[in-house]
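Presented below is the structure to which this report refers.
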């Protein structure tokens, strides 16, 4: 159980391990992108952790990085093709960010730090926990950035219910703080959240 | 075995398995992806025609205009849909736009692009193009800077996307007015 829950808070990939920040800060302009990117990353993370855990005795130490990159890049390309074929709307809205999962340090980081020295079952649990922690962190950053920066919360549209996917926040939508949707806003939100989490952990430590 | 040869063989094996798997997934998804693209293009063409029907694509080799589809209504050509390319914040953007014969922009759609979600990507929305439609004829050019807009606030942020879209649309209008050259 510890393997599964550690990624959510204690070893949260964004706020504690501080891994994979570039794509994370780039996509969090809308909540829907945070969810899409988080779930996509979790899929690649689970597949690559399984594969690397299975191959750990086959891959010699000297070539482990290129071998991991081949495995990760293959799964990202598979995800990209499957999304283009079966969920074209999500694929169009995430655009170039799907390909960016390849260079997300979380995936290579977990392969290197965990899957290469643990069994398949533990590696799957690690991947799910890290994936959930990553997705929740992205959604939290995106929620703050989008509501302050654009005055909206964008989710998936549900046509049968007539829900367009966009919730407008009265008051903020007419006068949003535009800087929050830009790169500077991403760093500001990240910095404040990291500080808050450090403070909580410090208090716990005392 | 020589350790270098051993590592080379192992890496080559991993790469071949990955290549096989990718080839399989590609062959499985390629027809679906092509079909989505075809439907998307067809929907966009249908949406752009105000009256009449769009004909077959005629490829063009201009710097901005890459293809044209004549719109005919009752046998006479009443306008053209142009496939345009512009340069945005995330690289090349593809647009489709319909014009009447005097160069007036009737409708426009932003197709493939890599603009930033929440900022430049807003150009995909129908309302975005409204500030350009009905313009482009003699004495009423398509605005290519935000200063020339009646309501500049409507495009807050993303100046590069705006400039890319508006210049491509203006070039399309010029192409029609200059006798399809």
Near pairs, Cβ below 6 angstrom, 6+ apart or cross-chain, from region B:136-150 (within 13 Å of residue B:104 (Cα to Cα)) to any residue that is modelled with pLDDT under 80: B:143/B:149
Test set (1) away from chain A (no Cβ under 14 Å); (2) at pLDDT below 90 - residue B:124 fails condition number: (1)
Residue that is modelled with the lowest pLDDT, among those in region A:71-91 that are surrounded by fewer than 18 Cβ atoms within 10 Å (Cβ to Cβ) and farther than 15 Å from residue B:26 by Cβ: A:89
Restricting region B:1-12 to residues that are part of a helix (DSSP H, G or I) and more than 7 Å from chain A (Cβ to nearest Cβ), the residue that is farthest from residue A:88 (Cα to Cα): B:3
Residue match in region A:164-187 (condition: at positive phi, modelled with pLDDT under 85 and part of a loop (DSSP other than H, G, I, E, B)): yes
Qualifying residue in region A:122-140 (condition: in a helix (DSSP H, G or I), over 21 Å from residue A:4 (Cβ atoms) and in contact (Cβ under 8 Å) with a residue 40 or more places away in the chain): no
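Name the residue, out of A:137, A:147, A:123, that is surrounded by 14 or more Cβ atoms within 10 Å (Cβ to Cβ), modelled with pLDDT of 90 or more and within 13 Å of chain B (Cβ to nearest Cβ). Before you say what the answer is, go through the steps one by one.
Working: A:137 fails: within 13 Å of chain B (Cβ to nearest Cβ); A:123 fails: within 13 Å of chain B (Cβ to nearest Cβ).
On inspection, the qualifying residue turns out to be A:147.
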Wholly within region B:13-114, strands (runs of 3 or more DSSP E) carrying at least 3 residues that are in contact with a helix residue (DSSP H, G or I) (Cβ under 7 Å, 6 or more places away or on another chain): B:76-88, B:91-100, B:105-110
Test: residue in region B:20-43 that is over 15 Å from the mean Cα position of the chain (by Cα), in contact (Cβ under 8 Å) with a residue 12 or more places away in the chain and closer than 25 Å to residue B:175 by Cβ: no
Lone qualifier among B:111, B:129 - being within 13 Å of chain A (Cβ to nearest Cβ) and either at pLDDT 85 or above or over 17 Å from the mean Cα position of the chain (by Cα) (or both): B:111
Candidate set from region B:67-93 (those that are free of Cβ contacts under 8 Å to residues at least 24 places away in the same chain and under 25 Å from residue B:158 (Cα atoms)); member that is farthest from the chain's Cα centre (by Cα): B:91
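From the list A:177, A:142, which residue is under 18 Å from residue A:24 (Cα atoms) and within 14 Å of chain B (Cβ to nearest Cβ)?
On inspection, the qualifying residue turns out to be A:142.
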Filtered residue count, region A:1-21, keeping only those that are in a helix (DSSP H, G or I) and free of Cβ contacts under 8 Å to residues at least 12 places away in the same chain: 1
Some residue of region B:54-76 being touching a strand residue (DSSP E or B) at 6+ places or on another chain (Cβ under 7 Å), within 14 Å of chain A (Cβ to nearest Cβ) and closer than 30 Å to residue A:83 by Cβ: no
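The values are calculated or read from the model by the stated rules, or taken from the named source; none is laboratory data. It should be emphasised that the depicted structure is a prediction, and the values quoted were computed from it without experimental measurement. Cβ: placed from backbone, ideal geometry, glycine included. Neighbour counts: every protein chain shown.
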